[in-house]
Amino acid sequence: MLYMKDLLELSRFCFLSLLSDSSQYVIDWALTWHTLMFQPKHDDSYTQANASMHYALKFQLFLDDLPTLESLKRSRPDLYIDILTCRSCENQLEDFMHLFMCNKRRVRMQQILNSYMRHLTTKIKEAGDNAKRDFSTQINKLNSLSCWSFSSSNWSSYSLVRGCLPSAFLEVFMELDIPRLTVMNVIAAIHNNFIHKFRKRIWNPRSYDKGLWEQAMNITSKLKNSPRPKGLPKSSYLPYSSLPPPTHVISRDSGTDWLKNSMQYGLKWFDHISGFMGRLMVLLNNSFCRMECRF
């Protein structure tokens with residue numbers, strides 16, 4: 001929490017000023033930080049690698065640091081061309097917002113949010129039953145939050161996905177006399193479940209679609225991890241991603257595929273060499289004709 005104020009001044013958190021109803025969705029930064037740092041208990045099947053991936057994804061969401069295509073275009077413009085669109089819907093540019101607004105994933109994303117709300121509701125009912133208190137008011141308050149549905153202008157749902165959690169989550173439990181730390185642990189565990197579902201049902205399928213396209217474009221892991229070429233102006237450097245996907249059966253010979261696609265789609269370098277060879281043949285033919293005339 002020490003550097004939270006400095007962190008929130010970064011441009012990646014400018015969405016906070018766009019919350020349409022800040023009185024309803026007031027972010028509790030103590031809860032948010034507790035959730036980010038929360039380490040859930042796992043069984044033996046959950047390896048350290050799984051835990052690390054989960055932890056990394058949680059912070060990537062919070063910091064808007066996922067390697068979306070728009071992000072990759074900025075970091076590797078030599079591989080990902082500007083006009084490249086989402087590999088799932090192939091219709092819109094893929095930025096962070098598009099991850100859950102994409103028409104190929106929107107239903108699944110809404111289902112994940114509904115599950116999030118159901119988990120919270122279940123815990124409120126359990127707390128109310130244990131305290132022998134009426135919990136209908138708390139459930140109505142929770143269900144009325146604007147973060148449970150998506151739209152391009154609903155920044156509260158965007159905030160929830162980022163992991164910026166509202167104080168209302170705490171209030172509905174504490175009104176039932178549940179200790180604050182206990183409530184924070186419950187909410188953090190439910191949010192971790194949301195992160196797990198986001199990875200499994202949104203991020204992994206999206207990455208699979210992108211991976212298929214990269215395979216067709218011969219963008220290998222080695223190529224992605226290689227340094228970006230230096231000293232080449234954009235106008236003369238041909239990104240691998242400008243090659244259209246092959247319509248024929250993909251060969252294992254990546255060099256052959258690249259050449260075939262270049263010939264089929266008439267890329268600049270192939271047009272240039274074709275023109276040069278054509279002019280050369282004309283010159284040679286004229287030379288032979290003159291030689292024949294001399295004899």
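The values are calculated or read from the model by the stated rules, or taken from the named source; none is laboratory data. The structure presented is a predicted model; accordingly, all values stated were derived computationally and were not measured. Positions of Cβ are generated from backbone atoms using ideal geometry, with glycine treated the same way; all protein chains shown enter the neighbour counts.
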Yes/no for PHE169 being closer than 15 Å to ILE27 by Cα and either touching a Phe, Trp or Tyr at 6+ places or on another chain (Cβ under 8 Å) or not small (Gly, Ala, Ser) (or both) | yes
Near pairs, Cβ below 8 angstrom, 6+ apart or cross-chain, from the stretch 167-186 (free of Cβ contacts under 8 Å to residues at least 24 places away in the same chain) to any residue that is part of a loop (DSSP other than H, G, I, E, B) and of a type in the set (Gly, Ala, Ser) = none
Among the helices (runs of 4 or more DSSP H) lying completely within the stretch 164-218, list those that include at least 2 residues that are more than 24 Å from ASN140 (Cβ to Cβ).
-> 180-198, 204-216
Which one of these does LEU84 not meet: (1) crowded, with 19+ Cβ neighbours inside 10 Å; (2) within 25 Å of PHE194 (Cα to Cα); (3) at pLDDT 90 or above?
-> (2)
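Right, ASN225: assigned by TED's automatic domain parsing to the domain that holds LEU79 and surrounded by fewer than 20 Cβ atoms within 10 Å (Cβ to Cβ) or not?
Judged against the criteria, ASN225 is not a match.
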Determine the pairs where a residue that is touching a residue at least 24 places away in the same chain (Cβ under 8 Å) and within 16 Å of LEU66 (Cα to Cα), located within the stretch 95-107, has a partner that is of a type in the set (S, T, N, Q) and not in a loop (DSSP other than H, G, I, E, B) with Cβ atoms under 9 Å apart, the partner being 6 or more residues away or on another chain.
-> ASP95/SER71; PHE96/SER71; PHE100/GLN110; PHE100/SER157
